[in-house]
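Asker: To start, I am sharing the structure in question, which I have written as structure tokens.
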Amino acid sequence: MLRFFNSLTRRKEEFVPHDKVVKMYSCGPTVYSYPHIGNMRAYLFMDNIRRTLKYNGYKIDGVMNITDVGHLTSDADEGEDKMLVASQREHKSPWEIAKFYTEIFMKDVKSLNIDLPEHIVPATSVIDDIIAFVKGLQDKGYAYETSKGIYFDISKFGGYGQLGMDVNAKKAGARVEVDGEKRHPADFALWIKAPKEHIMQWSSPWGMGYPGWHIECSTIGKKYLGDYIDIHTGGVDHKTIHHENEIAQSDCLEGHKVVHFWMHLEFLQIDGGKMSKSQNNIFTLQDLVNNGFSPEDFRYFYFMAHYSKQQNFTYDSLMSARNSLRNFKTAVSEHRLGKAVLSDESKEKYSQDFLNAINDDLNMPVALAVCQKLLKEPKSKDVYDLIMKFNEILGLDFEIQALSIPDEVKALAERRWQAKQNKNYAEADKIRGEITALGYTINDKKDGYEIVKN
Ligand code: AMP
Ligand code: ZN
């Protein structure tokens, strides 16, 4: 049974998709500066869910947005458009900013071997759909116009605050409203009217303007996935503003619940605080590479904590992830040519334990422990094959080691092993010489051998 923690019901629930294909939405990056490894934790989390669904035999139709307009410097609709701030900072157009940072983002996620959604959609590619969405909400009486823009009226939606936002606290704590026309401090912008000098703006029924941030996710979800979305993912920072607002927009337009599982990832921390651009305490993937680590070391680091727990980043902990990964790979390569046999019952038990771990709300630390136990078995190709199956989830690269040994050397090693089994030691030594001449060494192990390049 596949179970995920659903932030909507605040408990672990059995996951069963509505239809044959799982519809999944993931909040994507705001492409206004370098993505950091905290962001990458969010996309490793998405990868973890996608691979787990596939491992369970499901097909996925997944979408991720790219926020290239409309995300203000505060999530609660205050400040300037983040893209504009970056464009002023770097003396480039917002389009150039978006292109530059989208490319870096894509390079990072690819180097982490993240299984990407089927559709990756920039907000600026769906402006007409956004306008139609906002118009729909206005026609249904959920939105009102002020001199600043079109706002969602949260008092019209009884379900506001389902993910835990305390709407009244916001009201009590709000400063004297900047925008006196807003009916409630938690009402949020769907469409923002643009002053003439604003660089990015589009014509709309309400004059020239640009979309609010939350509306892009509801619109892209509707356009690509329809009105029933099985899973929606994002970091916990998006839970009580961005996602409350997405629920309000989507459910009010459709007249029913649209997203059924909300899954949230806890923060990557640094020195006990959230890693974030605004705190100026970020590391990028490139920083890790510059310090001698590989993206895969960080991928393995992700597996070492449950996604629902904060994970503290230090170079020491990354170092220990790297060492574990190296040991893991060495052990796997030793099994590849191992001669022992793993019984069918054992294979079944390990497979089941691994499946139980991932299906229990993506318990990767337990899944890794199952792998570690399996690797302690006598050296056997059966172990290797099982790990390769589990690697559909782990997504680690075992190819490099395997590929770097030419077939000729592998064949010689196998012949030498057979000769040894037949106690034909003279022949075995002769073949060893041939292998050495080709630049490789054979190390005999208890249950097999390993081939190492000299
Ligand atoms: P942003 O580009 O700021 O919209 O963030 C992209 C994704 O990264 C969102 O899902 C955020 O929730 C997530 N995120 C941002 N900071 C962190 C962090 N320190 N740890 C984990 N996820 C984060
Ligand atoms: Zn979103």
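Asker: In degrees from 0 to 90, rounded to the nearest 10, what is the angle of the helix 425-437 Cα long axis to the longest principal axis of the chain?
Answerer: The two axes meet at around 50 degrees.
Asker: Now for a different question. Please state the charge dipole magnitude for the chain, taken about the Cα centre, from unit charges on C-beta atoms (+1 on K and R, -1 on D and E), reported in debye and rounded to the nearest 20.
Answerer: Details: 58 positive and 64 negative charges, 232 e Å.
Approximately 1120 debye in magnitude.
Asker: If you take the beta carbon distance between Asn280 and Ala76 as r and set R0 to 22 Å, what does 1/(1 + (r/R0)^6) give as a FRET efficiency, to the nearest 0.05? Walk me through the numbers on the way to the answer.
Answerer: Working: r = 21 Å, r/R0 = 0.95.
About 0.55, to the nearest 0.05.
Asker: With +1 on each Lys and Arg Cβ and -1 on each Asp and Glu Cβ, how big is the dipole of the range 3-265 about its Cα centre, in debye rounded to the nearest 20?
Answerer: Working: 32 positive and 36 negative charges, 126 e Å.
I would put it at about 600 debye.
Asker: Just to confirm the number: angle between the C-alpha axis of helix 94-111 and the first principal axis of the chain, 0 to 90 degrees, nearest 10?
Answerer: 30 degrees
Asker: How large is the translational diffusion coefficient of the range 66-179 in µm² per second when you combine the Kirkwood radius over alpha carbon pairs with Stokes-Einstein at 10 °C and 1.306 mPa s?
Answerer: 92 µm²/s
Asker: Hey, any idea what % of the range 407-453's accessible area is carbon plus sulfur with a 1.4 Å probe? Don't skip to the answer; put the middle values down first.
Answerer: Working: 1380 of 2810 Å².
Answer for the range 407-453 is 49 percent, counting heavy atoms of protein chains only.
Asker: Extending each Cα 7 Å along its Cβ direction at Arg326 and Glu181, get the distance between those two points in nm, one decimal.
Answerer: In this crude spin-label approximation the distance works out to 6.3 nm.
Asker: Go ahead and run the numbers for FRET between Gln352 and His119, Cβ-Cβ distance against an R0 of 25 Å, rounding to 0.05.
Answerer: On the way: r = 34 Å, r/R0 = 1.37.
Efficiency, from the Cβ-Cβ distance: 0.15.
Asker: Which shape class applies to the range 243-343: rounded if a/c is under 1.5, otherwise prolate when a/b exceeds b/c and oblate if not, where a ≥ b ≥ c are the square roots of the Cα gyration tensor eigenvalues?
Answerer: oblate
Asker: Can you tell me the dipole magnitude for the range 360-454 around its Cα centre, using point charges on the Cβ only (Lys, Arg +1; Asp, Glu -1), in Debye to the nearest 20? Walk me through the intermediate numbers first.
Answerer: Working: 15 positive and 17 negative charges, 117 e Å.
Charge dipole, the range 360-454, about its Cα centre: 560 debye, nearest 20.
Asker: Shape call for the range 3-265 from the C-alpha gyration tensor, a ≥ b ≥ c root eigenvalues: rounded (a/c under 1.5), prolate (a/b greater than b/c) or oblate? Present the calculation step by step, with values, prior to reporting the outcome.
Answerer: Details: a/c = 1.69, a/b = 1.20, b/c = 1.41.
Because a/c hits 1.5 or more and a/b fails to exceed b/c, the range 3-265 counts as oblate.
Asker: Separate question: Which one, Leu396, Val370, Ser351, is farthest towards the positive end of the dipole of the range 299-397 when Lys and Arg carry +1 and Asp and Glu -1 on their Cβ?
Answerer: Most positive-ward Cα: Leu396.
Asker: Return the long-range amide H neighbours of Gly28 (sequence gap of 5 or more, or a different chain), with a cut-off of under 5 Å between placed amide H atoms.
Answerer: Asn65
Asker: Let me ask something else about it. Compute the Rg to Rh ratio over the range 299-397 from the alpha carbon atoms, using the Kirkwood formula for Rh, and round to two decimal places.
Answerer: Values: Rg = 13.8 Å, Rh = 14.0 Å.
For the range 299-397, the value is 0.98.
Asker: Would you mind working out the accessible area per residue for the chain, using a 1.4 Å probe, and quoting it in Å²?
Answerer: In whole numbers, the chain has 44 Å² accessible per residue.
Asker: Also, quick follow-up: Counting every Cα pair in the range 407-453, what percent are over 12 Å apart?
Answerer: Numbers: 610 of 1081 pairs.
Above the 12 Å cut-off, the range 407-453 has 56 percent of its Cα pairs.
Asker: Moving to a separate point now. For the chain, report the % of Cα-Cα distances exceeding 37 Å.
Answerer: Values: 37096 of 102831 pairs.
Everything past 37 Å amounts to 36 percent.
Asker: How much of the accessible area of the range 190-231, probe 1.4 Å, is carbon plus sulfur, in whole percent? Don't jump to the answer; show the numbers that get you there.
Answerer: On the way: 830 of 1550 Å².
In the range 190-231, the share of accessible area belonging to carbon and sulfur is 53 percent.
Asker: While we're on this one: Could you check how much of the accessible area of the range 7-91 is carbon and sulfur, as a whole percent, using a 1.4 Å probe? Kindly include the intermediate steps, with their values, before the conclusion.
Answerer: Working: 1490 of 3150 Å².
Here carbon and sulfur together make up 47 percent of the probe-accessible area.
Asker: Please label the shape of the range 338-386 as rounded, prolate or oblate, based on the square roots a ≥ b ≥ c of the eigenvalues of the alpha-carbon gyration tensor (a/c under 1.5 means rounded; beyond that, a/b larger than b/c means prolate, else oblate). Walk me through the intermediate numbers first.
Answerer: Working: a/c = 3.14, a/b = 1.98, b/c = 1.59.
Prolate.
Asker: Show me 193-205, 142-154 ranked by packing, highest mean number of other Cβ atoms within 10 Å first. Don't skip to the end; give the middle numbers.
Answerer: Details: 193-205: 14.4, 142-154: 20.0.
Peptide ranking by packing, descending: 142-154, 193-205.
Asker: Oh, and also: Which residue, chosen from Ala428, Ala42, Tyr101, occupies the Cα position most advanced towards the positive end of the dipole of the chain, where the dipole is computed from +1 (Lys, Arg) and -1 (Asp, Glu) charges on Cβ about the Cα centre?
Answerer: Comparing the listed Cα positions along the dipole, Ala428 ranks first.
Asker: To continue, here is another question. Against the longest principal axis of the chain, how steep is helix 127-139, in degrees 0 to 90 to the nearest 10, with axes from Cα atoms?
Answerer: 50 degrees
Asker: Now a separate question. Skipping prolines and chain starts, which residues have an amide H placed within reach, meaning under 5 Å, of the one on Asp187, given they are 5 or more residues away or on another chain?
Answerer: When sequence neighbours closer than 5 places are left aside, the close amide H contacts are Ile154.
Asker: So how do 438-447, 131-140 stack up, highest first, on mean other-Cβ count within 10 Å? Don't skip to the answer; put the middle values down first.
Answerer: On the way: 438-447: 14.1, 131-140: 18.9.
Highest to lowest by the protection proxy: 131-140, 438-447.
The values are calculated or read from the model by the stated rules, or taken from the named source; none is laboratory data. Worth saying up front: this structure is predicted, and the values here are computed from it rather than measured. Note: ideal-geometry Cβ built from the backbone for every residue, glycine included; neighbour counts use all protein chains shown. We work out accessible area using only protein heavy atoms, side chains counted, and drop any ligands, DNA or RNA first. Shrake-Rupley method; radii C 1.70, N 1.55, O 1.52, S 1.80 Å.
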